[in-house]
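Nothing in this text is a laboratory measurement; each read-out follows from the coordinates by a stated rule. Just so you know, these numbers come straight off a predicted model, no measurement behind them. Cβ sites come from the backbone with ideal geometry, for glycine too, and all protein chains shown count toward neighbours.
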Amino acid sequence: MPDENYLYFGDTKNMPYGEKTGEQLIEFADKIFRFFESKNAKAVVMACNTTSAITYEKLKDNYNFKIYPIIQSVCSTIAKLEGVKKLGVIATPATINSHSYSREIAKYNKEMQIFELAAPNWVRIVEEHRITQPQSIMQVEEILDIMKGFEPDKIVLACTHYPYLINVLKKFMPETKFIDPSLYFAKNIKEDLTKSGLLNNKFEYEKFYVSSNPENFKTASEIFYKINELPEVVNL
C-alpha cells in the first residue's frame, strides 16, 4: 500500500513483549492506541503477534478506528492452506501460552493439528544483530530440532522478528516449510480498506515514534526499512 500515510510506534522501552504479563500488555497497547487516536489514525495495524493474542479481544471496541490484529486476520487463510494437516507455530512465550493460533484456526478447520512452540531468545537475536553468531545459530537449531519431532507440513513464524532468521532457519529445514504471516496480513488489510472505501490514493508522509532509544531503533530497523530521520521519542 505505497499510497498510505503511516504512523509507526515502536515500544522500545518495554520490548520484548513476549516476556510481559497480560496486564502489562493491555496497559501498553491501550496507551499506544490512545496515542494513535490523538493523531487521527483511520486504522491501526497490530503487527505484533503477542499483543494480538493477549489484548485484541479486550480492547478492540474502545477506539474510533478499526484495528487489524495479525493472528485473527491471517488464521482464516492459514487454516485453508491446501495439503497442510499438521501446522507448527513458533512464537514468543506469551503468544504460545495464549494458544491463540490453535483457537483461531479451529474456527475454520477443526481437523488441522497444531503444535505450538516458544522461542524466547529469537527476538533478541534479531534485535541485537546476532543472527550469524554461532550461539544464535545453535539456539535456532535447538528449537527446530524439537519442532521436527512433530513432523509439520508447514511452520508459522508467528513473530514479526522471526522471518529475518530465514537464512539460518533454511540451514536446518527447507525454506518452503516456513510461513511468513505478514504476507497474508498485508493482502487482507488492503482488501478490507478497499472494500470499506478507506484506501488512500496519494502518499504524503510517514512518521516514526518510539518510547526510548531512537538511535538504537533507527539502526535496528535497517534490517527491514531505511528511516531517514531519527524517530521522535514519546512518553506514553
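For this structure, a couple of remarks:
- Sites Lys171 and Val84 - FRET efficiency at Förster radius 25 Å, r taken between beta-carbons, to 0.05: 0.65
- Per residue, the convex hull spanned by the alpha carbons of region 124-217 comes to 156 Å³.
- Theoretical gain in end-to-end length, Lys107 to Thr194 [0.36 nm per residue, Cα-Cα removed]: 28.8 nm
- At least 18 Å along the helix axis (C-alpha) and Kyte average at least 0.0, DSSP helices within the chain: 134-148
- Shape of region 1-139, Cα gyration tensor, a/c cut at 1.5: oblate
- Filtered GluC sites (Glu not before Pro), region 1-34: DSSP coil and at most 13 other beta carbons within 10 Å: none
- Per residue, the average separation of C-alpha pairs within less than 8 Å and at least 6 apart gives the chain a relative contact order of 27 percent.
- Paramagnetic reach from Gln135 in region 151-171 [backbone N under 12 Å; point 7 Å along Cα→Cβ]: none
- Normalised radius of gyration (Cα atoms, divided by 2.2 N^0.38 Å) for the chain: 1.01.
- Dipole of the chain, positive direction: furthest Cα of Asn228, Asn200, Ala119, with charges on the beta-carbon: Asn200
- Ordered by the count of other Cβ atoms within 10 Å of each Cβ, fewest first, His161, His99 give His99, His161.
- Region 73-180: C-alpha pair distances exceeding 23 Å, %: 23
- When only Cα pairs below 8 angstrom with a gap of at least 6 residues are kept, region 73-180 shows a relative contact order of 33 percent.
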